[in-house]
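Report on one structure; see the data block that follows.
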Amino acid sequence: MKYIGFIIAVVLAVSCSSGKRIPDGIIKPDAMGNILFDAGMAEEFVMSYVAKDSAKNKDVELQKEYQKIYLLYNVTEEQFKKSYTFYKAHTDIFKVLMDSLNARAQRRRTEMYRMPG
């Protein structure tokens with residue numbers, strides 16, 4: 001929820017202004033943004049709903065949600081971790097990525113709480 005607009009902005013900014021080539025084996029910024037957005041939503045879901053069920057282990061349930069995301073985007077956990085490490089090490093690209101995720105989330109919240117009129 002928090003990252004929709006942000007990802008779009010990140011993708012455009014990274015692809016247009018970065019000038020840095022993303023190495024082979026690293027998830028491209030647009031896909032990485034989508035994965036991070038979905039991961040944020042999964043974390044929110046687990047914390048808001050699953051954690052209230054005392055019969056479930058929130059860490060196990062969160063890992064299940066992550067596995068669904070990896071399948072959805074056809075990446076492995078290792079590819080995701082390698083890519084995340086790459087982006088965190090390249091703070092200029094990572095900042096744009098995270099700023100885009102934040103903008104996406106802000107737009108999503110605005111849409112969700114808009115009064116029907």
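Points worth noting:
- Matching residues in segment 72-117 - criterion: being in contact with a Phe, Trp or Tyr (Cβ under 7 Å, 6 or more places away or on another chain), part of a helix (DSSP H, G or I) and surrounded by fewer than 14 Cβ atoms within 10 Å (Cβ to Cβ): E77, K88
- Looking across segment 91-117 at every residue that is touching a helix residue (DSSP H, G or I) at 6+ places or on another chain (Cβ under 7 Å) and of a type in the set (D, E, K, R), the one that is modelled with the highest pLDDT is identified as D99.
- Selection of segment 85-117 for residues being free of Cβ contacts under 8 Å to residues at least 24 places away in the same chain and not hydroxyl-bearing (S, T, Y) yields K88, A89, F94, K95, E111, R114, M115, P116, G117.
- Any hit, segment 39-50, residues being in a helix (DSSP H, G or I) and β-branched (V, I, T): yes
The values are calculated or read from the model by the stated rules, or taken from the named source; none is laboratory data. Computed from a predicted model, the values in this text were never measured in an experiment. Neighbour counts are summed over all protein chains in view; Cβ atoms, including those assigned to glycine, are modelled from backbone coordinates with ideal geometry.
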